[in-house]
Amino acid sequence: MLPLRVIFLWHYHQPDYRWEGQALLPWVRLRAVKDYAVLFKLLGELPRLRCVFNIVPSLLVQLSAYAEGVLTDVAEHLSSRSSRIPPEGTDRYWRMLQPPSPLQQRFPELSALWQRLQSGSLSPQEWIDTLMWTQLVWTFPYRQRFPVVDEWFQRGSGYRCEELQLLLQLQRLLTREAFQALREGLHQEHIELSCSPFYHPILPLLCDTESARESDPGISLPRSSFRFPADAWVQCARARQCCWELVGVVPDGLWPPEGAVSMEALHQMVLAGVRWAATDEALLFASLPTAPRVQKYLPHRIRTSAGELALFFRDRELSDAISFQYGAWESDRAVEDICQRLREIRAELVRSYGESVLRTAAVMIALDGENCWDSYPDNGLDFLRSLADRLHAEEWVTTVTCREVLAGSWHTFQRLSVLRTGSWVSASLRIWIGTPGHNAAWEALCQARELVEKSRYRLSSAQWRQALEHLLVAEGSDWFWWRSPEHPTPAAPLFERLFQLHVERARQCVEEKWDGWQREGAEEGSVQIP
(Lines give C-alpha, C1' and ligand atoms only; values in the text may rest on other atoms or scores of the structure.)
Protein backbone atom coordinates (compact mmCIF):
# COMPACT_ATOMS: atom_id res chain seq x y z
CA MET A 1 0.00 0.00 0.00
CA LEU A 2 1.36 3.37 -1.01
CA PRO A 3 0.90 5.95 1.77
CA LEU A 4 -0.52 9.42 1.35
CA ARG A 5 2.26 11.92 2.00
CA VAL A 6 1.48 14.89 4.24
CA ILE A 7 3.59 18.02 4.72
CA PHE A 8 3.12 20.15 7.84
CA LEU A 9 4.52 23.66 7.39
CA TRP A 10 4.55 25.84 10.51
CA HIS A 11 4.99 29.53 9.69
CA TYR A 12 6.62 31.80 12.29
CA HIS A 13 6.42 35.52 11.68
CA GLN A 14 6.92 38.79 13.50
CA PRO A 15 7.76 42.15 11.88
CA ASP A 16 10.82 44.15 12.87
CA TYR A 17 9.75 46.08 15.96
CA ARG A 18 13.19 47.60 16.53
CA TRP A 19 13.98 51.28 16.50
CA GLU A 20 17.36 52.56 17.60
CA GLY A 21 18.28 49.40 19.45
CA GLN A 22 15.00 48.74 21.29
CA ALA A 23 11.90 46.78 20.30
CA LEU A 24 8.87 49.05 20.57
CA LEU A 25 6.52 46.08 21.06
CA PRO A 26 7.34 42.87 22.97
CA TRP A 27 5.65 40.26 20.80
CA VAL A 28 8.85 38.42 19.85
CA ARG A 29 9.70 37.94 23.52
CA LEU A 30 6.18 36.98 24.59
CA ARG A 31 5.64 34.59 21.68
CA ALA A 32 9.06 33.09 22.34
CA VAL A 33 7.99 32.34 25.90
CA LYS A 34 4.58 30.82 25.18
CA ASP A 35 5.07 29.31 21.74
CA TYR A 36 8.60 29.10 20.39
CA ALA A 37 10.33 27.70 23.47
CA VAL A 38 7.61 25.06 23.92
CA LEU A 39 6.88 24.11 20.32
CA PHE A 40 10.42 24.13 18.92
CA LYS A 41 11.46 21.77 21.71
CA LEU A 42 8.42 19.51 21.31
CA LEU A 43 8.65 19.23 17.53
CA GLY A 44 12.36 18.60 17.80
CA GLU A 45 11.57 15.64 20.05
CA LEU A 46 8.95 14.16 17.69
CA PRO A 47 10.90 12.60 14.79
CA ARG A 48 7.78 10.68 13.82
CA LEU A 49 6.13 14.00 12.88
CA ARG A 50 8.23 15.32 10.00
CA CYS A 51 7.63 18.99 9.27
CA VAL A 52 8.86 22.27 7.81
CA PHE A 53 9.66 25.32 9.94
CA ASN A 54 9.17 28.50 7.91
CA ILE A 55 10.93 31.38 9.68
CA VAL A 56 10.74 35.05 8.77
CA PRO A 57 14.27 36.50 9.20
CA SER A 58 12.96 39.69 10.83
CA LEU A 59 11.76 37.38 13.62
CA LEU A 60 14.93 35.28 13.61
CA VAL A 61 17.21 38.32 14.00
CA GLN A 62 15.20 39.67 16.94
CA LEU A 63 14.94 36.27 18.64
CA SER A 64 18.71 35.86 18.37
CA ALA A 65 19.25 39.35 19.80
CA TYR A 66 16.93 38.65 22.75
CA ALA A 67 18.72 35.35 23.39
CA GLU A 68 22.11 37.09 23.38
CA GLY A 69 20.83 39.78 25.74
CA VAL A 70 21.49 42.64 23.33
CA LEU A 71 17.85 43.54 22.67
CA THR A 72 15.29 44.84 25.14
CA ASP A 73 11.78 46.11 24.56
CA VAL A 74 9.76 49.04 25.82
CA ALA A 75 7.48 46.80 27.90
CA GLU A 76 10.50 45.39 29.74
CA HIS A 77 11.83 48.89 30.32
CA LEU A 78 8.53 50.15 31.71
CA SER A 79 8.11 47.06 33.88
CA SER A 80 11.62 47.40 35.30
CA ARG A 81 10.68 50.91 36.45
CA SER A 82 7.26 49.85 37.71
CA SER A 83 5.65 51.77 40.54
CA ARG A 84 2.21 52.00 42.05
CA ILE A 85 1.41 54.97 39.83
CA PRO A 86 1.66 54.63 36.04
CA PRO A 87 3.90 57.28 34.42
CA GLU A 88 2.00 59.66 32.20
CA GLY A 89 1.10 58.03 28.90
CA THR A 90 2.18 54.56 30.02
CA ASP A 91 -1.40 53.28 30.25
CA ARG A 92 -1.93 54.20 26.59
CA TYR A 93 1.09 52.13 25.63
CA TRP A 94 -0.08 49.19 27.74
CA ARG A 95 -3.42 49.10 25.94
CA MET A 96 -1.49 48.17 22.79
CA LEU A 97 -0.45 44.92 24.47
CA GLN A 98 -3.94 43.47 24.63
CA PRO A 99 -3.58 39.68 25.02
CA PRO A 100 -5.46 37.45 22.54
CA SER A 101 -9.11 36.84 23.36
CA PRO A 102 -8.65 33.10 24.11
CA LEU A 103 -6.11 33.94 26.82
CA GLN A 104 -8.37 36.57 28.35
CA GLN A 105 -11.27 34.13 28.37
CA ARG A 106 -9.13 31.47 30.05
CA PHE A 107 -8.03 33.78 32.86
CA PRO A 108 -10.91 35.93 34.22
CA GLU A 109 -8.51 37.90 36.47
CA LEU A 110 -6.72 39.20 33.38
CA SER A 111 -9.96 39.97 31.59
CA ALA A 112 -11.31 41.98 34.54
CA LEU A 113 -8.08 43.98 34.86
CA TRP A 114 -8.03 44.64 31.15
CA GLN A 115 -11.53 46.07 31.20
CA ARG A 116 -10.56 48.37 34.07
CA LEU A 117 -7.42 49.45 32.23
CA GLN A 118 -9.53 50.36 29.22
CA SER A 119 -11.79 52.48 31.40
CA GLY A 120 -8.86 54.13 33.18
CA SER A 121 -10.07 53.19 36.67
CA LEU A 122 -7.19 51.11 38.07
CA SER A 123 -6.11 51.40 41.68
CA PRO A 124 -2.34 51.50 42.42
CA GLN A 125 -2.29 47.77 43.27
CA GLU A 126 -4.37 46.93 40.21
CA TRP A 127 -1.81 48.76 38.08
CA ILE A 128 0.96 46.43 39.30
CA ASP A 129 -1.37 43.45 38.85
CA THR A 130 -2.07 44.52 35.26
CA LEU A 131 1.65 44.80 34.46
CA MET A 132 2.15 41.35 35.95
CA TRP A 133 -0.83 39.62 34.35
CA THR A 134 -0.21 41.09 30.89
CA GLN A 135 3.10 39.23 30.78
CA LEU A 136 2.40 36.37 33.19
CA VAL A 137 -0.35 35.01 30.95
CA TRP A 138 2.26 34.06 28.33
CA THR A 139 3.94 31.69 30.80
CA PHE A 140 0.96 29.42 31.44
CA PRO A 141 2.62 26.37 29.77
CA TYR A 142 5.24 26.40 32.59
CA ARG A 143 2.96 26.06 35.61
CA GLN A 144 4.23 22.54 36.32
CA ARG A 145 7.86 23.26 35.55
CA PHE A 146 8.17 26.36 37.77
CA PRO A 147 6.25 26.24 41.09
CA VAL A 148 6.54 30.02 41.48
CA VAL A 149 4.67 30.50 38.19
CA ASP A 150 1.87 28.23 39.37
CA GLU A 151 1.69 30.15 42.66
CA TRP A 152 1.38 33.44 40.76
CA PHE A 153 -1.49 32.09 38.69
CA GLN A 154 -3.26 30.70 41.74
CA ARG A 155 -2.88 33.93 43.72
CA GLY A 156 -4.35 36.09 40.94
CA SER A 157 -3.63 39.50 42.50
CA GLY A 158 -1.58 41.40 45.06
CA TYR A 159 1.70 41.08 43.17
CA ARG A 160 4.83 42.96 44.20
CA CYS A 161 7.24 44.85 41.97
CA GLU A 162 9.98 42.37 42.87
CA GLU A 163 7.88 39.52 41.52
CA LEU A 164 7.43 41.34 38.23
CA GLN A 165 11.22 41.66 37.92
CA LEU A 166 11.60 37.93 38.63
CA LEU A 167 9.04 37.14 35.94
CA LEU A 168 11.01 39.19 33.40
CA GLN A 169 14.21 37.35 34.28
CA LEU A 170 12.43 34.02 33.85
CA GLN A 171 11.14 35.09 30.46
CA ARG A 172 14.71 35.97 29.42
CA LEU A 173 15.74 32.42 30.28
CA LEU A 174 12.87 30.98 28.24
CA THR A 175 13.69 33.21 25.27
CA ARG A 176 17.23 31.82 25.23
CA GLU A 177 15.79 28.31 25.39
CA ALA A 178 13.56 29.09 22.40
CA PHE A 179 16.48 30.10 20.19
CA GLN A 180 18.58 27.15 21.32
CA ALA A 181 15.72 24.70 20.65
CA LEU A 182 15.26 26.20 17.19
CA ARG A 183 18.93 25.85 16.27
CA GLU A 184 19.05 22.28 17.53
CA GLY A 185 15.81 21.29 15.81
CA LEU A 186 16.84 22.64 12.43
CA HIS A 187 19.84 20.30 12.38
CA GLN A 188 17.66 17.22 12.81
CA GLU A 189 16.78 15.18 9.77
CA HIS A 190 13.01 15.25 10.33
CA ILE A 191 12.78 19.07 10.27
CA GLU A 192 13.33 21.18 7.16
CA LEU A 193 13.91 24.93 7.28
CA SER A 194 12.28 27.27 4.80
CA CYS A 195 12.05 31.03 5.06
CA SER A 196 10.09 34.06 3.94
CA PRO A 197 11.66 37.19 2.42
CA PHE A 198 13.62 39.12 5.03
CA TYR A 199 11.12 41.76 6.22
CA HIS A 200 7.98 39.89 5.06
CA PRO A 201 7.04 42.08 2.07
CA ILE A 202 4.26 41.38 -0.43
CA LEU A 203 6.56 40.40 -3.29
CA PRO A 204 4.23 41.13 -6.24
CA LEU A 205 3.78 44.71 -5.01
CA LEU A 206 7.53 45.23 -4.73
CA CYS A 207 7.91 44.05 -8.30
CA ASP A 208 5.10 46.31 -9.52
CA THR A 209 2.12 47.74 -7.63
CA GLU A 210 0.19 47.65 -10.91
CA SER A 211 0.17 43.85 -10.59
CA ALA A 212 -2.72 44.22 -8.13
CA ARG A 213 -5.00 44.90 -11.11
CA GLU A 214 -4.52 41.38 -12.43
CA SER A 215 -6.74 39.91 -9.72
CA ASP A 216 -8.68 43.13 -8.98
CA PRO A 217 -9.20 45.13 -12.20
CA GLY A 218 -11.23 47.90 -10.53
CA ILE A 219 -8.86 48.56 -7.65
CA SER A 220 -7.73 52.13 -6.98
CA LEU A 221 -3.92 52.30 -7.03
CA PRO A 222 -1.33 54.93 -6.08
CA ARG A 223 -0.57 57.65 -8.64
CA SER A 224 3.06 56.57 -8.78
CA SER A 225 3.77 52.89 -9.33
CA PHE A 226 6.26 51.25 -7.02
CA ARG A 227 8.36 49.09 -9.35
CA PHE A 228 11.56 47.71 -7.81
CA PRO A 229 11.80 43.97 -8.58
CA ALA A 230 15.43 43.98 -7.44
CA ASP A 231 14.14 44.68 -3.92
CA ALA A 232 12.20 41.41 -4.08
CA TRP A 233 15.42 39.64 -5.00
CA VAL A 234 17.30 41.31 -2.14
CA GLN A 235 14.61 40.36 0.36
CA CYS A 236 14.76 36.69 -0.77
CA ALA A 237 18.53 36.39 -1.12
CA ARG A 238 19.29 38.08 2.20
CA ALA A 239 16.71 35.88 3.94
CA ARG A 240 18.58 32.74 2.89
CA GLN A 241 21.88 34.29 3.90
CA CYS A 242 20.50 35.29 7.32
CA CYS A 243 19.39 31.72 8.03
CA TRP A 244 22.89 30.48 7.28
CA GLU A 245 24.51 33.09 9.50
CA LEU A 246 22.22 32.60 12.51
CA VAL A 247 21.29 28.91 12.47
CA GLY A 248 23.74 27.35 10.02
CA VAL A 249 21.20 26.22 7.42
CA VAL A 250 20.56 27.57 3.92
CA PRO A 251 16.88 26.96 3.09
CA ASP A 252 15.86 25.70 -0.35
CA GLY A 253 12.22 26.69 0.06
CA LEU A 254 10.26 29.85 0.61
CA TRP A 255 6.78 30.74 1.84
CA PRO A 256 5.94 34.06 0.14
CA PRO A 257 4.41 36.42 2.72
CA GLU A 258 0.64 35.91 2.81
CA GLY A 259 1.11 33.41 -0.02
CA ALA A 260 1.34 36.38 -2.40
CA VAL A 261 2.93 35.60 -5.75
CA SER A 262 3.21 36.85 -9.31
CA MET A 263 5.23 35.60 -12.25
CA GLU A 264 7.81 38.35 -11.69
CA ALA A 265 8.01 37.47 -8.00
CA LEU A 266 8.64 33.82 -8.89
CA HIS A 267 11.38 34.95 -11.27
CA GLN A 268 13.10 36.88 -8.47
CA MET A 269 12.81 33.87 -6.15
CA VAL A 270 14.61 31.66 -8.66
CA LEU A 271 17.32 34.29 -9.12
CA ALA A 272 17.80 34.24 -5.34
CA GLY A 273 18.40 30.48 -5.38
CA VAL A 274 14.98 29.29 -4.19
CA ARG A 275 14.09 25.77 -5.38
CA TRP A 276 10.52 25.52 -4.12
CA ALA A 277 7.75 27.82 -2.94
CA ALA A 278 4.37 27.23 -1.33
CA THR A 279 1.17 29.22 -1.60
CA ASP A 280 -2.57 28.85 -1.17
CA GLU A 281 -4.84 26.60 -3.22
CA ALA A 282 -6.86 29.67 -4.26
CA LEU A 283 -4.10 30.74 -6.64
CA LEU A 284 -3.97 27.37 -8.35
CA PHE A 285 -7.70 27.47 -9.05
CA ALA A 286 -7.57 31.14 -10.07
CA SER A 287 -4.95 30.08 -12.63
CA LEU A 288 -6.72 26.85 -13.64
CA PRO A 289 -10.45 27.43 -13.04
CA THR A 290 -11.49 24.06 -14.48
CA ALA A 291 -8.93 22.00 -12.57
CA PRO A 292 -10.34 19.26 -10.31
CA ARG A 293 -10.17 20.04 -6.62
CA VAL A 294 -7.71 17.22 -5.94
CA GLN A 295 -5.14 18.82 -8.25
CA LYS A 296 -4.01 20.99 -5.33
CA TYR A 297 -2.40 17.86 -3.89
CA LEU A 298 -0.11 17.50 -6.91
CA PRO A 299 3.12 19.51 -6.71
CA HIS A 300 3.69 21.58 -9.84
CA ARG A 301 6.68 23.09 -11.54
CA ILE A 302 6.70 26.41 -13.30
CA ARG A 303 9.31 27.91 -15.60
CA THR A 304 10.55 31.46 -15.32
CA SER A 305 13.20 33.10 -17.47
CA ALA A 306 15.64 32.40 -14.62
CA GLY A 307 14.81 28.68 -14.37
CA GLU A 308 12.24 26.30 -12.88
CA LEU A 309 10.60 26.38 -9.49
CA ALA A 310 8.54 23.74 -7.70
CA LEU A 311 5.19 24.86 -6.28
CA PHE A 312 3.16 23.38 -3.44
CA PHE A 313 -0.43 24.44 -2.79
CA ARG A 314 -1.78 24.25 0.74
CA ASP A 315 -5.09 22.66 1.64
CA ARG A 316 -7.00 25.56 3.14
CA GLU A 317 -9.70 23.56 4.94
CA LEU A 318 -7.25 21.31 6.77
CA SER A 319 -4.99 24.23 7.65
CA ASP A 320 -7.90 26.30 8.94
CA ALA A 321 -9.25 23.38 10.97
CA ILE A 322 -6.05 23.33 13.03
CA SER A 323 -6.01 27.13 13.25
CA PHE A 324 -9.62 27.80 14.18
CA GLN A 325 -11.53 24.60 14.95
CA TYR A 326 -9.60 21.90 16.81
CA GLY A 327 -8.65 24.13 19.74
CA ALA A 328 -12.19 23.72 21.09
CA TRP A 329 -12.17 19.92 20.65
CA GLU A 330 -10.74 17.03 22.64
CA SER A 331 -7.40 16.01 21.13
CA ASP A 332 -8.51 12.48 20.21
CA ARG A 333 -11.56 13.80 18.40
CA ALA A 334 -9.48 16.37 16.52
CA VAL A 335 -6.91 13.77 15.47
CA GLU A 336 -9.64 11.41 14.32
CA ASP A 337 -11.21 14.20 12.28
CA ILE A 338 -7.98 15.08 10.52
CA CYS A 339 -7.31 11.40 9.81
CA GLN A 340 -10.79 10.98 8.33
CA ARG A 341 -10.22 13.98 6.07
CA LEU A 342 -6.87 12.57 4.95
CA ARG A 343 -8.43 9.16 4.22
CA GLU A 344 -10.98 10.85 2.00
CA ILE A 345 -8.25 12.79 0.19
CA ARG A 346 -6.29 9.60 -0.42
CA ALA A 347 -9.35 7.80 -1.75
CA GLU A 348 -10.21 10.68 -4.08
CA LEU A 349 -6.67 10.87 -5.44
CA VAL A 350 -6.66 7.12 -6.14
CA ARG A 351 -10.08 7.30 -7.83
CA SER A 352 -9.00 10.23 -9.99
CA TYR A 353 -5.46 9.24 -10.96
CA GLY A 354 -4.76 5.68 -9.79
CA GLU A 355 -2.70 4.60 -6.81
CA SER A 356 0.60 5.41 -8.53
CA VAL A 357 -0.18 9.14 -8.11
CA LEU A 358 0.68 8.75 -4.41
CA ARG A 359 4.35 8.59 -5.41
CA THR A 360 4.04 12.23 -6.49
CA ALA A 361 1.13 13.69 -4.51
CA ALA A 362 1.58 15.53 -1.21
CA VAL A 363 -1.01 17.20 1.00
CA MET A 364 0.37 20.45 2.33
CA ILE A 365 -1.04 21.70 5.64
CA ALA A 366 0.46 25.17 6.18
CA LEU A 367 -0.52 27.63 8.87
CA ASP A 368 0.62 30.14 11.44
CA GLY A 369 2.70 28.22 13.96
CA GLU A 370 2.06 30.54 16.91
CA ASN A 371 -1.36 32.30 16.98
CA CYS A 372 -3.24 29.09 16.29
CA TRP A 373 -2.29 27.56 19.66
CA ASP A 374 -3.88 30.36 21.72
CA SER A 375 -7.22 28.54 21.78
CA TYR A 376 -5.77 25.11 22.74
CA PRO A 377 -5.98 24.40 26.51
CA ASP A 378 -2.35 23.23 26.72
CA ASN A 379 -0.95 25.31 23.85
CA GLY A 380 -1.49 22.43 21.42
CA LEU A 381 0.96 20.01 23.03
CA ASP A 382 -1.46 17.12 23.53
CA PHE A 383 -2.90 17.55 20.04
CA LEU A 384 0.55 17.47 18.42
CA ARG A 385 1.70 14.45 20.42
CA SER A 386 -1.51 12.57 19.63
CA LEU A 387 -1.29 13.53 15.97
CA ALA A 388 2.32 12.36 15.73
CA ASP A 389 1.51 9.01 17.39
CA ARG A 390 -1.57 8.37 15.25
CA LEU A 391 -0.01 9.23 11.89
CA HIS A 392 3.09 7.19 12.72
CA ALA A 393 0.94 4.16 13.58
CA GLU A 394 -1.04 4.20 10.31
CA GLU A 395 0.28 2.48 7.17
CA TRP A 396 -1.82 4.50 4.72
CA VAL A 397 -0.32 7.89 5.59
CA THR A 398 3.13 9.32 6.26
CA THR A 399 4.59 12.75 7.00
CA VAL A 400 7.35 14.15 4.80
CA THR A 401 9.29 17.34 4.20
CA CYS A 402 9.31 19.31 0.96
CA ARG A 403 12.92 18.39 0.24
CA GLU A 404 11.97 14.70 0.41
CA VAL A 405 9.18 15.23 -2.13
CA LEU A 406 11.54 17.09 -4.45
CA ALA A 407 14.27 14.49 -4.12
CA GLY A 408 12.07 11.66 -5.30
CA SER A 409 9.80 12.97 -8.02
CA TRP A 410 10.68 16.45 -9.39
CA HIS A 411 10.53 15.22 -12.99
CA THR A 412 6.97 13.92 -12.51
CA PHE A 413 5.51 17.22 -11.27
CA GLN A 414 2.77 18.70 -13.40
CA ARG A 415 3.80 21.74 -15.43
CA LEU A 416 2.05 25.03 -14.82
CA SER A 417 2.46 27.60 -17.58
CA VAL A 418 1.44 30.65 -15.56
CA LEU A 419 0.40 31.49 -11.99
CA ARG A 420 -2.02 34.35 -11.54
CA THR A 421 -1.09 37.19 -9.23
CA GLY A 422 -2.75 37.13 -5.81
CA SER A 423 -2.53 35.95 -2.21
CA TRP A 424 -4.38 33.62 0.14
CA VAL A 425 -6.87 36.43 0.88
CA SER A 426 -9.53 36.13 -1.83
CA ALA A 427 -6.74 35.43 -4.35
CA SER A 428 -6.06 39.19 -4.52
CA LEU A 429 -3.75 41.85 -3.04
CA ARG A 430 -6.48 44.21 -1.85
CA ILE A 431 -5.59 43.89 1.85
CA TRP A 432 -2.26 45.67 1.29
CA ILE A 433 -3.16 48.30 -1.30
CA GLY A 434 -6.16 50.18 -2.67
CA THR A 435 -7.52 52.31 0.18
CA PRO A 436 -6.50 55.98 0.52
CA GLY A 437 -4.37 55.07 3.55
CA HIS A 438 -2.65 52.22 1.73
CA ASN A 439 -2.00 54.29 -1.36
CA ALA A 440 -0.60 57.23 0.59
CA ALA A 441 1.87 54.87 2.24
CA TRP A 442 2.90 53.35 -1.09
CA GLU A 443 3.39 56.81 -2.60
CA ALA A 444 5.59 57.90 0.31
CA LEU A 445 7.57 54.69 0.02
CA CYS A 446 7.90 55.08 -3.74
CA GLN A 447 9.16 58.67 -3.50
CA ALA A 448 11.74 57.74 -0.88
CA ARG A 449 12.85 54.65 -2.85
CA GLU A 450 13.32 56.69 -6.03
CA LEU A 451 15.29 59.30 -4.09
CA VAL A 452 17.58 56.63 -2.66
CA GLU A 453 18.01 55.04 -6.09
CA LYS A 454 19.04 58.36 -7.65
CA SER A 455 21.64 58.81 -4.91
CA ARG A 456 23.19 55.41 -5.50
CA TYR A 457 26.40 56.65 -7.07
CA ARG A 458 26.69 59.81 -4.98
CA LEU A 459 26.73 58.08 -1.60
CA SER A 460 29.33 55.73 -0.25
CA SER A 461 28.25 52.10 -0.40
CA ALA A 462 27.79 52.04 3.39
CA GLN A 463 25.61 55.16 3.35
CA TRP A 464 23.52 53.89 0.47
CA ARG A 465 23.00 50.50 2.14
CA GLN A 466 21.93 52.23 5.34
CA ALA A 467 19.27 54.23 3.50
CA LEU A 468 18.11 51.18 1.57
CA GLU A 469 17.88 49.10 4.74
CA HIS A 470 15.31 51.45 6.23
CA LEU A 471 13.19 51.14 3.10
CA LEU A 472 13.47 47.37 3.04
CA VAL A 473 12.00 47.38 6.56
CA ALA A 474 9.25 49.76 5.40
CA GLU A 475 8.39 47.36 2.58
CA GLY A 476 7.15 44.81 5.16
CA SER A 477 3.57 43.65 4.79
CA ASP A 478 2.55 44.35 8.39
CA TRP A 479 2.57 48.13 8.07
CA PHE A 480 0.05 47.82 5.21
CA TRP A 481 -1.97 44.98 6.78
CA TRP A 482 -2.75 47.08 9.85
CA ARG A 483 -3.85 50.01 7.66
CA SER A 484 -6.62 47.81 6.30
CA PRO A 485 -10.11 48.55 7.69
CA GLU A 486 -10.59 44.81 8.22
CA HIS A 487 -7.83 44.65 10.82
CA PRO A 488 -8.28 47.18 13.61
CA THR A 489 -5.69 47.06 16.39
CA PRO A 490 -4.87 49.27 19.38
CA ALA A 491 -1.26 49.30 18.13
CA ALA A 492 -2.15 50.80 14.74
CA PRO A 493 -0.67 54.25 15.59
CA LEU A 494 2.61 52.66 16.59
CA PHE A 495 2.75 50.52 13.42
CA GLU A 496 2.12 53.61 11.32
CA ARG A 497 4.77 55.54 13.22
CA LEU A 498 7.36 52.79 12.71
CA PHE A 499 6.68 52.87 8.97
CA GLN A 500 7.02 56.65 8.88
CA LEU A 501 10.24 56.60 10.90
CA HIS A 502 11.93 54.22 8.47
CA VAL A 503 10.83 56.20 5.41
CA GLU A 504 11.89 59.49 7.02
CA ARG A 505 15.26 58.10 8.13
CA ALA A 506 15.97 56.81 4.60
CA ARG A 507 15.29 60.26 3.20
CA GLN A 508 17.46 61.85 5.88
CA CYS A 509 20.37 59.56 5.00
CA VAL A 510 20.26 60.96 1.47
CA GLU A 511 19.20 64.56 2.07
CA GLU A 512 21.76 65.21 4.80
CA LYS A 513 24.46 64.03 2.45
CA TRP A 514 23.08 66.22 -0.33
CA ASP A 515 23.15 69.20 2.05
CA GLY A 516 26.81 68.48 2.65
CA TRP A 517 27.51 68.40 -1.10
CA GLN A 518 25.62 71.63 -1.53
CA ARG A 519 27.67 73.39 1.18
CA GLU A 520 30.88 72.00 -0.27
CA GLY A 521 29.88 73.04 -3.76
CA ALA A 522 29.06 76.57 -2.61
CA GLU A 523 32.48 76.84 -1.01
CA GLU A 524 34.54 75.15 -3.72
CA GLY A 525 32.35 75.43 -6.80
CA SER A 526 33.14 71.84 -7.72
CA VAL A 527 30.08 69.73 -6.87
CA GLN A 528 27.06 69.60 -9.16
CA ILE A 529 23.66 68.93 -7.56
CA PRO A 530 21.01 67.65 -9.99
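Table for the structure above
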quantity: Test: residue in segment 39-56 that is surrounded by fewer than 23 Cβ atoms within 10 Å (Cβ to Cβ), among the aromatic types (Phe, Trp, Tyr) and either free of Cβ contacts under 8 Å to residues at least 40 places away in the same chain or under 30 Å from VAL363 (Cβ atoms) (or both); calculated: no
quantity: Subset of segment 410-429 that is of a type in the set (S, T, N, Q) and surrounded by fewer than 16 Cβ atoms within 10 Å (Cβ to Cβ) - its residue that is nearest to the chain's Cα centre (by Cα); calculated: SER426
quantity: Some residue of segment 216-229 being touching a Ser or Thr at 6+ places or on another chain (Cβ under 6 Å), surrounded by 23 or more Cβ atoms within 10 Å (Cβ to Cβ) and touching a residue at least 60 places away in the same chain (Cβ under 8 Å); calculated: no
quantity: Residue check, THR139 within 22 Å of LEU39 (Cβ to Cβ) and either among the hydroxyl-bearing types (Ser, Thr, Tyr) or open to solvent by 60 Å² or more (accessible area, probe 1.4 Å) (or both); calculated: yes
quantity: Criterion violated by ALA393 - all others in (1) more than 24 Å from the chain's Cα centre (by Cα); (2) of a type in the set (A, V, I, L, M, F, W, C); (3) crowded, with 18+ Cβ neighbours inside 10 Å satisfied; calculated: (3)
quantity: Single residue of segment 430-472 satisfying the filter (of a type in the set (A, V, I, L, M, F, W, C), part of a helix (DSSP H, G or I) and open to solvent by 10 Å² or more (accessible area, probe 1.4 Å)) that is farthest from ARG497 (Cα to Cα); calculated: ALA462
quantity: THR130 being modelled with pLDDT under 95, under 30 Å from LEU39 (Cα atoms), touching a helix residue (DSSP H, G or I) at 6+ places or on another chain (Cβ under 8 Å) and surrounded by 16 or more Cβ atoms within 10 Å (Cβ to Cβ); calculated: yes
quantity: Boolean, VAL74 is touching a helix residue (DSSP H, G or I) at 6+ places or on another chain (Cβ under 6 Å), open to solvent by 10 Å² or more (accessible area, probe 1.4 Å) and closer than 17 Å to GLN135 by Cβ; calculated: no
quantity: Filter result (aromatic (Phe, Trp, Tyr) and either closer than 20 Å to VAL52 by Cα or open to solvent by 10 Å² or more (accessible area, probe 1.4 Å) (or both)) within segment 300-344; calculated: PHE312, PHE313, PHE324, TRP329
quantity: Sole exception among (1) in contact with a His (Cβ under 6 Å, 6 or more places away or on another chain); (2) farther than 22 Å from PRO197 by Cβ; (3) hydroxyl-bearing (Ser, Thr, Tyr) for SER477, by number; calculated: (2)
quantity: Residue check, GLN169 open to solvent by 10 Å² or more (accessible area, probe 1.4 Å) and outside any loop (DSSP other than H, G, I, E, B); calculated: yes
quantity: Matching residues, segment 418-465, being in contact with a Cys (Cβ under 9 Å, 6 or more places away or on another chain) and either over 17 Å from GLU504 (Cα atoms) or not β-branched (Val, Ile, Thr) (or both); calculated: SER455, LEU459, GLN463, TRP464
quantity: Subset of segment 18-35 (residues that are among the acidic types (Asp, Glu) and touching a helix residue (DSSP H, G or I) at 6+ places or on another chain (Cβ under 7 Å)); calculated: ASP35
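The values are calculated or read from the model by the stated rules, or taken from the named source; none is laboratory data. Fair warning: this is a prediction, and the values are worked out from it, not measured in the lab. Backbone-built Cβ (ideal geometry, glycine too); neighbour counts: all protein chains shown. SASA here: full protein model, heavy atoms, side chains in, ligands and nucleic acids out. Shrake-Rupley method; radii C 1.70, N 1.55, O 1.52, S 1.80 Å.
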